[in-house]
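Following: one structure in structure tokens, then a few remarks.
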Amino acid sequence: MSDKLIIFDTTLRDGEQSPGASMTKDEKVRIAKVLEKMKVDVIEAGFAIASVGDFEAVQAVANAVKDSTICSLARALDKDIDRAGEALKNTNSARIHTFIATSDIHMKMKLNMTPDQVVEQAVRAVKRARQYTDNVEFSPEDAGRSDEDFLCRVIEATIDAGATTINIPDTVGYNIPHQFGATMKSLIGRVPNSDKAIFSAHCHNDLGLAVANSLSAVLNGARQVECTINGLGERAGNTSLEELVMAVRTRQDVFDCDTNIDATHILSASRLVSSVTGFIVQPNKAIVGANAFAHEAGIHQDGVLKHRETYEIMRAEDVGWNANQLVLGKHSGRNAFKVRLAELGVEFDSEESLNDAFRRFKELADKKHEIFDEDLQALVSETQTEAINESIKLVSLKVCTETGEENTATVVLSVDDKEQTATAKTSGAVDATFSAISSLVDFEINLQLYSVSNVTQGTDALGEVNVRLEHNGRIINGQGADTDIITASAKAYIHALNKVMAATDRAHPQV
Ligand code: KIV
Ligand code: ZN
């Protein structure tokens with residue numbers, strides 16, 4: 001059995017299926033570049049047939065990344081596979097991941113197909129995918145609730161048809177570690193041609209067991225795990241890449257395999273995904289949460305200072321903590337700025353966009369003397385956001401607050417290049433700002449979430465605001481950053497409104 005554990009990251013596909021987590025093409029490319037730097041083996045870049053935007057995003061990731069295999073998801077349908085194949089045409093190393101459901105409930109209620117038809121369609125899909133690439137993955141969707149004899153049958157047939165990876169999804173997060181591990185072992189043992197494919201685990205976190213189930217699968221022969229940064233994904237999410245990778249690495253006494261991951265990029269990947277999607281990382285989240293390596297109780301601190309291993313099982317710096325050096329300041333030049341951003345995986349497609357980002361950097365450096373990587377990430381997110389589909393732009397904002405008085409916000413927006421002004425008066429400065437802005441747009445929106453966090457330390461830090469809006473049943477997140485949190489709030493709200501206006505229909509692979 002190989003001692004290499006393949007890391008298949010699906011942040012850009014399954015992660016993006018999380019309501020409100022949709023990403024633009026440029027955001028996907030930025031995340032993919034960090035994943036490549038981290039030495040992720042396979043990056044699932046999207047579901048190419050979902051929309052023109054999804055197709056172009058898969059293509060853009062495939063063009064930008066050279067060292068990781070790029071994968072597109074495809075249902076077991078000719079048109080899906082052809083679209084995936086086309087999107088991956090110029091890729092160094094391409095994989096098509098095709099799937100069809102195999103549980104009784106999915107076959108009956110969703111597909112309305114017999115088991116024989118499902119096997120036939122799965123085989124046909126794998127054969128068609130092999131016309132585009134030798135690297136084909138097949139997933140029996142809802143394997144976690146499928147009949148094992150039927151799973152053996154469909155897996156054997158798809159390996160015969162040319163599948164090189166067999167992924168076992170616990171689609172609804174129903175499995176329990178010892179049982180999922182036993183299923184993995186049994187499938188590998190029972191399927192006669194199992195030695196011709198790598199077996200993979202794809203777990204959802206509905207019972208909080210995605211990482212545990214994946215680790216159990218690894219202990220029982222899986223040599224690929226599908227995961228996402230910060231555990232992003234539908235409902236309770238997917239297996240968290242950082243937790244999985246660090247568990248295997250920290251417990252090499254238990255696992256007889258390891259990943260190629262360069263874990264020092266984990267924290268920056270986590271922050272980037274959080275800032276792009278607006279999904280905040282909880283402080284007590286393992287590995288990447290703000291408290292993950294913070295020792296508060298005096299006794300712990302004393303122990304750690306005397307001998308680190310008394311209370312620490314991993315070194316914070318090994319996953320990218322403390323790498324947060326002061327990188328640039330007021331006097332840094334354009335080249336230093338460009339080089340540092342390239343190190344963070346950000347490249348500019350034109351001199352104009354570099355100049356625009358540099359101008360914003362100088363403005364920020366005037367307000368905030370110490371500029372950290374996180375500030376640069378926030379600044380680039382904003383620059384890229386504004387470059388796309390912006391029909392609403394913030395021209396100016398004036399807010400008056402006085403203890404005991406109502407707050408007044410006056411906003412000037414450019415809506416489709418026409419300046420418009422509105423004023424609102426309410427008990428809160430943010431509320432007044434949002435009311436003024438929404439009075440200038442003519443569609444219904446419900447604010448579902450509002451949160452502020454500081455990007456770095458100190459009272460002069462950039463404040464990052466996340467808002468979540470609901471419009472006609474669609475969930476949309478917006479982010480904004482500024483040293484002034486009311487301005488950051490206005491930017492976040494406007495960002496979400498622009499996304500509402502630009503939203504297009506896209507197919508969901510599993511519905
Ligand atoms: O959870 C799932 O079953 C999936 C498949 C498409 C692999 O994401
Ligand atoms: Zn999934």
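Here are the numbers for the structure shown:
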quantity: Ordering of 452-461, 432-441, 485-494 by burial proxy (mean other Cβ atoms within 10 Å per residue, highest first); calculated: 485-494, 432-441, 452-461
quantity: Nearest-0.05 FRET efficiency for R190 and D417, computed from C-beta distance (R0 51 Å); calculated: 0.20
quantity: Extension gain from D134 to D356, taking 0.36 nm per residue of separation minus the Cα-Cα distance; calculated: 75.6 nm
quantity: Angle between the chain longest axis and helix 25-37 axis [Cα atoms, degrees, rounded to 10]; calculated: 60
quantity: Qualifying trypsin sites (Lys or Arg not before Pro) in segment 27-87, DSSP loop, other Cβ atoms within 10 Å at most 15; calculated: K39, K66
quantity: Dipole magnitude of the chain about its Cα centre (Cβ charges: Lys, Arg +1; Asp, Glu -1), debye to nearest 20; calculated: 580
quantity: Alpha carbon convex hull of the chain, volume per residue in cubic angstrom; calculated: 160
quantity: All lysines inside 25 Å of K393 as judged from Cα atoms, apart from same-chain residues fewer than 8 positions distant; calculated: K25, K28, K362, K367, K368, K418, K425, K491, K499
quantity: Segment 1-157: Cα Rg divided by the 2.2 N^0.38 Å rule of thumb; calculated: 1.05
quantity: Potential lengthening between N472 and E347 on full extension [0.36 nm per residue; Cα-Cα distance subtracted]; calculated: 41.4 nm
quantity: Computed E for K89/A316 - FRET, C-beta separation, R0 35 angstrom, nearest 0.05; calculated: 0.25
quantity: Net charge, G237 excluded, C-beta distance under 10 Å - Lys, Arg +1, Asp, Glu -1; calculated: -2
quantity: Extent along principal axes [Cα atoms of segment 332-473; Å; largest to smallest]; calculated: 46, 35, 29
quantity: Student exercise, segment 365-485 dipole from Lys, Arg, Asp, Glu Cβ charges, in Debye to nearest 20; calculated: 280
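Quick note: the coordinates plus some simple rules give every number you see, no bench work behind them. Small disclaimer: the values here were computed from a predicted structure and weren't measured. For neighbour counting, all protein chains shown are included, and Cβ atoms are generated from backbone atoms with ideal geometry for every residue, glycine included.
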